[in-house]
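Step one of this worksheet: look at the structure below.
We did not get these values from a lab; they are worked out from the coordinates using the rules stated. As the structure is a prediction and not an experimental result, all values here were calculated from the model. Neighbour counts run over all protein chains shown; Cβ positions are idealised from the backbone, glycine included.
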Amino acid sequence: REITSILEELAPLALAESWDNVGLQVGRYDREVNGLLLALDLSIPVLAEARQKQANFIVTHHPLIFKPLNKLRFDGPGGKLWEEIIAGGFIVYSMHTNFDRAADGLNQYLAERMQLTQVEPVEEGAEEYLKLVVFVPQDHTEQVLAALTAAGAGWIGNYSHCSFRTSGVGTFRPQAGTHPFLGVEGEHTSVAEVRLETIIPVWNRQRIIKALLA
């Protein structure tokens, strides 16, 4: 999951075209990775190279699966490839149109190599957002919002630090074995708090949550 998080920060899945199929194609997020191999397409020779280099994680540009599979037979077209993928325990991940459209992706790289100027996107992609709600001690509101903003939350166009706040009182009683930031174990506590609401891009949610919990 650590590797896929890095890949998705570079090329958010939300940037992919609606007809595309990007991300994890084969395998599990909790598998241990021994080595990583990059390829344009997945093929028998690519699998052979991956085995030779002891790389069990393969990142391709073109997706292995474009359309839903009705059946998976090893004696049919493409069956040998699937048989070797499964038998070899390979993890397959694809970065296609999301990588093409990423800020530091393939199209940007090609534009720089061709020394193009005044480069603009032909089409703006629609980005998906989530609403983040967190309850913060009143005296720490600005500190928390600053950390969230630095991680990528609360941005709307050219406006940063966008949020909505509601003041209130939070109550709790820390139980045995807890280590409360405020209050004392076993005692009822009331704290002036702020309900802080902001928006976060779906593709960047892991980084933002990590910043919130830091």
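Length gained on full extension, Leu110 to Leu36: 24.3 nm, using 0.36 nm per residue less the C-alpha separation. Computed from backbone phi with θ = phi - 60° and the Karplus coefficients 6.51, -1.76 and 1.60, the 3J(HN,Hα) list for the range 81-88 is 4, 5, 4, 6, 4, 6, 5, x Hz; x is used for glycine and proline.
If both residues of a DSSP beta bridge must be in the range 2-113, then about 25% of such bridges are antiparallel. Computed about the Cα centre, the dipole magnitude for the chain is approximately 540 debye when only Lys and Arg (+1) and Asp and Glu (-1) carry charge, each at its Cβ. What net charge do the residues around Gln108 carry, taking every other residue with its C-beta under 14 Å from that of Gln108, with Lys and Arg at +1 and Asp and Glu at -1? That works out to -2. Counted by Cβ distance under 14 Å from Gly183, the other residues give a net charge of -2, where Lys and Arg count +1 and Asp and Glu count -1. Extension gain for Tyr159 to Ala146 (0.36 nm times residue separation, less C-alpha to C-alpha distance): 3.3 nm.
Can you tell me how the range 2-113 classifies by the Cα gyration tensor, rounded, prolate or oblate, using a/c under 1.5 as the rounded cut?
Details: a/c = 1.82, a/b = 1.46, b/c = 1.25.
It comes out prolate by the Cα gyration axes.
A simple spin-label model places pseudo-atoms 7 Å from Cα toward Cβ; at Val184 and Leu10 they are separated by 5.3 nm.
Rounded to the nearest whole Hz, the Karplus-based 3J(HN,Hα) values (6.51 cos²θ - 1.76 cosθ + 1.60, θ = phi - 60°) of the range 67-76 follow the sequence 10, x, 8, 7, 7, 10, 10, 6, 9, x, with x at glycine and proline.
Each label point was placed 7 Å from the Cα along the Cα-to-Cβ direction; for Leu213 and Ala192 their separation is 3.0 nm.
The alpha-carbon of Lys131 sits under 20 angstrom from the alpha-carbons of these lysines, leaving out residues fewer than 8 places away in its chain: Lys210.
In straight-distance terms, cross-link reach from Lys71 covers every one of the lysines whose alpha-carbon lies under 17 Å from its own, apart from those fewer than eight places away in the same chain; here that gives Lys80. Here's how it looks for Leu130: its modeled amide H is under 5 Å from those of Ile200, Val202, which are all 5 or more places away or on a different chain.
For the listed peptides 181-188, 64-71, 160-167, a ranking on the average number of other beta carbons within 10 Å per residue, highest first, reads 160-167, 181-188, 64-71.
Dimensions of the range 129-213 from C-alpha coordinates, computed as largest minus smallest value along each principal axis and given longest first, are 45, 24, 18 Å.
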